[in-house]
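One structure, as C-alpha cells, below. Some questions next.
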Amino acid sequence: MTRRTVRIAMNGVTGRMGYRQHLVRSLLAIRESGGIDLGDGTALWPEPVLVGRRDLALKAIAERHGLDEWTTDLDAVLTDGSIDVYFDAQVTSARESALRKAVAAGKHIYTEKPTATGLDAALALARLAHESGVRHGVVQDKLFLPGLLKLKRLVDGGFFGRVLSVRGEFGYWVFEGDWQDAQRPSWNYRSQDGGGIVVDMFPHWEYVLHGLFGRVTSVQAHAATHIPRRWDERGQPYDATADDSAYGIFELESGVVAQINSSWAVRVNRDELVEFQVDGTEGSAVAGLRRCRAQHRSGTPKPVWNPDLPATESFREQWQEVPDNREFDNGFKAQWELFLRHVALGTPYEWDLLAGARGVQLAELGLRSSAEGRRLPVPELSL
C-alpha cells in the first residue's frame, strides 16, 4: 500500500489531554495500525510535529515515542510549507490567536474546545476559516463514545417514540490540592485564566444535545464556586475565582427539556462519571461513557409509592443492556480519522468551527443566565 504523509503540528502535547488522548491514543495508534486506509491503495500516514513551550518536556515525549521533530517556535512551524494541519490543545486563553495565525498560514485546523474565550471571537474565527478555504474541525469526542453511540442507535431506530426529557449527571470530586494532589490543573479554577466548569462543559453539552436530540433554543443555569480555596501545583494556596459546579436546564427546538448537572465538587454514586437518562413515550435509556441500558414501554414495571414499606425490587435490574453489536474504537481516534479523511479526500465533516462557536455561545449564555437569574434564548448561529 502506498503511504501518503500528512504532517500535523500538535500544539499542547505536554498537557494531559493533548498527550494521552490526541498523541498517544489517536495519532500514534493510527500509525501502529498502519495508517488510514483511503480505499484506493493509499494509507494516510500522520506525522506529528510536537509544539509547545517546554523544550525538555517536548524532547522527552519525542524520545519516548521515537518521533523526530519538536519545537518551541510556533511561528516557524506555521511558516513551514510542509505542515498540512495545525492542532491546538493549549489553554483556552492562548488558542484563538494561534488558530488565527494557522488559518492565515493556510493550514487546515483541528482544535480542542472552547475555540475562543467569547462568542464574537469564536464566530469570527469560524468565518475566517470558511472564507480562507481551509478545512476545519473541532473535537467533539463524546459523540464517539460507545455509550452515546448505542444511545444514538436507539434514537435513530425510533426506540423512544417521542423524546420527552434528558437528564444528565457529570462530575467527580477534584481534590483541593492540600492533602491530596488535584486531578486537574489549577488554571481550571481561575476565571482570569479561562477556567470554570461552564466554559469547560457547556460546549460538550451543546454538541451532545444538538447531535442526538436537536438544537438548544434556551438555557437557564446556576453556576457556583463550592470550593473557594485550592492549592496549586507548587503547593501554594490560591482563591478559586471560577465556577466548579453548574446546574443547567436546556430547552431544545424539538420540545425536549434537558437538565444537566456538572460538578467538580461531587462524589460519585453512579456507574460512570457521566450518565444521561433519556425518557420517551415508548421507552427510556441510561447511557454513560461505555454502557447503555434501556427499558421499553412493554417491559416497564408498575411501581407504587408507599413510603411505609421497604423496596422489595431492584430497579436497576429491570433494565436491559444494549449490546455492542460492533467494535468501538477510542472516540478521539475515531474523530481524528474522520477529520484526516476530510482533509485528504474532502469527505463531509459537520463538526467544524461553527459547531465550536455554538458551544462557546451556550457557555457564554449559561454564565450570563446565572449572573442575571433568568432564562435566556439561544439564537441560531450562521456564517
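Using the count of nearby Cβ atoms within 10 Å as a rough guide to exposure, how do Glu63, Glu327 rank from fewest to most?
Numbers: Glu63 10, Glu327 6.
Ordered by Cβ neighbours within 10 Å, fewest first: Glu327, Glu63.
As I understand it, the dipole of the range 37-156 uses +1 on the Cβ of Lys and Arg and -1 on the Cβ of Asp and Glu, about the Cα centre. Which of Ala57, Leu128, Leu154 lies farthest toward its positive end?
Farthest towards the positive end: Leu154.
In the range 168-264, which chymotrypsin sites (Phe, Trp or Tyr not before Pro) fall in coil by DSSP and have 12 or fewer other Cβ atoms within 10 Å? Please list the in-between numbers first.
Values: sites: Phe170, Tyr172, Trp173, Phe175, Trp179, Trp187, Tyr189, Trp205, Tyr207, Phe213, Trp231, Tyr238, Tyr247, Phe250, Trp264; in loops: Tyr172, Phe175, Trp179, Phe213, Trp264.
Hits after loop and neighbour filter: Trp179.
Per DSSP H run of n ≥ 4, the term is -39500 (n - 2.57); total these for the chain, divide by its residue number, and report the mean residue ellipticity at 222 nm rounded to 500 deg cm²/dmol.
Numbers: 9 runs with 109 residues, N = 383.
Rounded to the nearest 500, it is -9000 deg cm²/dmol.
Please rank Ser245, Ser218, fewest neighbouring Cβ atoms within 10 Å first, as an exposure proxy.
Ser218, Ser245
For the range 284-383, which chymotrypsin sites (Phe, Trp or Tyr not before Pro) pass both filters: DSSP loop (anything but H, G, I, E, B) and at most 10 other C-beta atoms within 10 Å? Each step should come with its number before you reach the end.
Details: sites: Trp305, Phe315, Trp319, Phe328, Phe332, Trp336, Phe339, Tyr349, Trp351; in loops: Trp305, Trp319, Phe328, Tyr349, Trp351.
Listed in order of number, the matching sites are Trp305.
Could I ask something else about it? What's the magnitude of the charge dipole for the range 218-358 around its Cα centre, counting Lys and Arg as +1 and Asp and Glu as -1 at the beta-carbon? Answer in Debye, nearest 20. Please report the intermediate quantities before stating the final value.
Values: 15 positive and 22 negative charges, 36 e Å.
Its charge dipole is roughly 180 debye.
Please compute the modelled spin-label separation between Glu282 and Val91, points set 7 Å along Cα→Cβ, answer in nm with one decimal.
5.0 nm
Which value, in debye to the nearest 20, describes the size of the charge dipole of the chain about its Cα centre when Lys and Arg Cβ atoms bear +1, Asp and Glu Cβ atoms bear -1, and nothing else is charged? It would help to have the intermediate numbers written out before the result.
Details: 45 positive and 51 negative charges, 57 e Å.
Its charge dipole is roughly 280 debye.
Let me ask something additional. Please state the relative contact order of the range 31-184 as a whole percent: Cα pairs under 8 Å, 6+ residues apart?
Numbers: 143 pairs, mean separation 18.2, N = 154.
Reported as a whole number, the value is 12 percent.
May I ask you to list the trypsin sites (Lys or Arg not before Pro) in the range 1-82 that are in a DSSP loop and have at most 11 other Cβ atoms within 10 Å of their Cβ?
Arg54
Sticking with this one: Could you pull out which residues in the range 97-133 have an amide N less than 11 Å from a spot 7 Å beyond the Cα of Glu380, following the Cα-Cβ vector?
Once the point is set 7 Å along Cα→Cβ of Glu380, nothing inside the range 97-133 turns out to lie under 11 Å by backbone N.
Sorted from fewest to most neighbouring beta carbons within 10 Å, what does the list Met17, Met10 look like?
With the sparsest Cβ surroundings first, the list reads Met17, Met10.
Quick check for you: which residues of the range 163-201 have the amide N under 14 Å from the point 7 Å beyond the Cα of Asn261 toward its beta carbon?
Of the residues in the range 163-201, 167-173 have backbone N under 14 Å from the label point off Asn261.
Find the relative contact order for the chain and round it to a whole percent, using C-alpha pairs within less than 8 Å whose residues are 6+ positions apart. Spell out each step's value before the answer.
Details: 775 pairs, mean separation 77.7, N = 383.
Averaging sequence separation for qualifying contacts and normalising by length gives 20 percent for the chain.
Which listed residue (Gly171, Thr225, Ala258) has the Cα farthest towards the positive end of the charge dipole for the chain, taking +1 on Lys and Arg C-beta and -1 on Asp and Glu C-beta about the Cα centre?
Working it through, the farthest residue towards the positive pole turns out to be Ala258.
From the cross-link list Lys107/Lys150; Lys59/Lys107; Lys113/Lys150, which pairs have alpha carbons spaced over 28 Å apart?
Numbers: Lys107/Lys150 35 Å; Lys59/Lys107 24 Å; Lys113/Lys150 24 Å.
From Lys107/Lys150; Lys59/Lys107; Lys113/Lys150, over 28 Å: Lys107/Lys150.
The numbers here are math on the coordinates, done by the rules we state, and not lab data. None of the values given here were measured: they were computed from a predicted structure. Heads up, the Cβs are rebuilt from the backbone with ideal geometry, glycines too, and the neighbour counts pull from every protein chain shown.
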